[in-house]
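Below: the structure, in structure tokens.
The values are calculated or read from the model by the stated rules, or taken from the named source; none is laboratory data. The shown structure was predicted, so the numbers you read here are calculated from the model rather than taken from an experiment. Using ideal geometry, Cβ is built from the backbone for each residue, glycine included, and neighbour counts are taken over all protein chains shown. Remember, those area values only see protein heavy atoms, side chains included, never the ligands or the DNA or RNA. Shrake-Rupley method; radii C 1.70, N 1.55, O 1.52, S 1.80 Å.
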Amino acid sequence: MTTFVDRVELHVAAGSGGHGCASVHREKFKPLGGPDGGNGGRGGDVILTVDQSVTTLLEYHHSPHRKATNGKPGEGGNRSGKDGQDLVLVVPDGTVVLDKQGNVLADLVGHGTSYVAAQGGRGGLGNAALASARRKAPGFALLGEPGDLQDIVLELKTVADVALVGYPSAGKSSLISVLSAAKPKIADYPFTTLVPNLGVVTAGNTVYTIADVPGLIPGASQGKGLGLEFLRHVERCSVLVHVLDTATLESDRDPVSDLDIIEAELKQYGGLDNRPRIVVLNKIDVPDGKDLAEMVRPDLEARGYRVFEVSAVAHIGLKELSFALADLVGRARAAKPQEEATRIVIRPKAVDDAGFTVVREDADGEPLFRVRGEKPERWVRQTDFNNDEAVGYLADRLNRLGVEEELMKAGARSGDGVAIGPEDNAVVFDWEPSVMAGAEMLGRRGEDHRLDTARPAAQRRRDKQAERDEAQQEFDDFEPF
């Protein structure tokens, strides 16, 4: 059974916002006490967070669909809906988040680092929040926005200071097992290591991590063997260690040719040219291996490599190798620029930025004007098109934003098609300049004339006063015979 997964495709869905509530306060002797509809709750976010206790993406391999909870709708009595709960997904240190096209969205390194993979939808405003001096009793509320839907790819790149690379069965797993407390699988056949192994090494006052990458073979950078699948785990290392087998039984191999082949694969993979290299001639406990190591060492040193002769089995030369790696790691850490505190960059809106665009797109010979922008598209998503008053409110907002003016500048005429939103999810309507929505039939848009009606007791007093005035007028007009 697979126990290590370093690449998964994840389908995440944020929670949708709750709908606002359209409600009118009612109690005895006060049947129309004003709007009291509460706002809808915010939908939950989907958040990726680094947890150093997690070492694999296996959990998301088995269940790749994750969804946060929705916000609750608002209720009468000015009761707002409950916000949806955020869904926090823990990932290993060194996880890279990509979109389906391979673009990097986030590089999560360091415990606690987080990234919002899907944003929850806003809750809709209730009619109490929509009330104003002009619109005393809105008979509508705004809908909650749907949450984001994202298909993302998670790739794990091991965070290590030192990476051991080399042919299968070169002794990388044995070397990491004696340098650290790691216990990788060790056997006398190729491709024993099927997953990267990570160990912690202490050399003097320096503590560093060392990774054993599965064996590489010619063509690894093109996908042969296991190389392409695990070469990404070498990218974050500070030091590369070539582990060369001096006791191989294959007649067509020797340490120098092995080194050339692995270097060629690393070069084709790219991005590793500036990493310092160390060459380890392993298995010198074998007599032929010791002789071969002494033969090839001058050639390797002539190329500029620092060479160490070791035996992981006999524990020969390990201390010198460990301190040499600690020295290189210390230099790499010292050369790394200090991390600056995150700065908050404020980018004010440009004076001439209307926040939307109007583009003419002719469809089937008919003029079509497409409106794109965060505000117009959000307002459309939050509008209940079954409510004439809500549609009128949307028209008012778009007009105040300047959409109608821009449509006129773009050459739109009465009856032309106008689409708000992207092509796959747009609201299309026939444009009428300063169109009158059904709500205007009641009076000014957004007003409820039920509240303009006098209260019953006051109306009765007015009726009685009118009767008395009428009787008085008849008495005054009376002329005796």
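Can you confirm whether Asp258 is within 21 Å of Pro196 (Cα to Cα) and not aliphatic (A, V, I, L, M)?
Judged against the criteria, Asp258 is a match.
Does segment 276-297 hold any residues that are open to solvent by 60 Å² or more (accessible area, probe 1.4 Å) and either under 48 Å from the mean Cα position of the chain (by Cα) or within 26 Å of Arg331 (Cβ to Cβ) (or both), and which are they? Reasoning before the result, please.
Filtering segment 276-297 for residues open to solvent by 60 Å² or more (accessible area, probe 1.4 Å) gives 285, 287-288, 290-291, 294-295, 297.
Residue satisfying the conditions is Arg297 alone.
Taking Leu321 as meeting all but one of (1) within 30 Å of Pro276 (Cβ to Cβ); (2) surrounded by fewer than 16 Cβ atoms within 10 Å (Cβ to Cβ), write down the number of the exception.
With respect to (1) within 30 Å of Pro276 (Cβ to Cβ); (2) surrounded by fewer than 16 Cβ atoms within 10 Å (Cβ to Cβ), Leu321 is out only on (2).
Criterion first (open to solvent by less than 90 Å² (accessible area, probe 1.4 Å) and at pLDDT 85 or above) does Val427 satisfy it?
Criteria met by Val427.
Quick one: is His19 of a type outside the set (A, V, I, L, M) and either touching a Cys at 6+ places or on another chain (Cβ under 6 Å) or surrounded by fewer than 24 Cβ atoms within 10 Å (Cβ to Cβ) (or both)? Give the steps one after another, and end with the answer.
On the way: of a type outside the set (A, V, I, L, M): yes; either touching a Cys at 6+ places or on another chain (Cβ under 6 Å) or surrounded by fewer than 24 Cβ atoms within 10 Å (Cβ to Cβ) (or both): no.
No.
Of the conditions (1) under 30 Å from Leu394 (Cα atoms); (2) modelled with pLDDT of 95 or more, Leu87 fails just one. Which one is it?
Condition (1) is where Leu87 drops out.
Considering only segment 146-156, state which residues are buried (at least 24 other Cβ atoms within 10 Å of the Cβ) and outside any strand (DSSP E or B).
Across segment 146-156, the qualifying residue is only Gly147.
Return yes or no: is Val116 farther than 19 Å from His233 by Cα, assigned to a strand (DSSP E or B) and open to solvent by 80 Å² or more (accessible area, probe 1.4 Å)?
It is false that Val116 is farther than 19 Å from His233 by Cα, assigned to a strand (DSSP E or B) and open to solvent by 80 Å² or more (accessible area, probe 1.4 Å).
Could you say which residue among Glu405, Glu377 is more than 30 Å from Ala163 (Cβ to Cβ), surrounded by 10 or more Cβ atoms within 10 Å (Cβ to Cβ) and without any contact (Cβ under 8 Å) to a residue 12 or more places away in the chain?
Glu405
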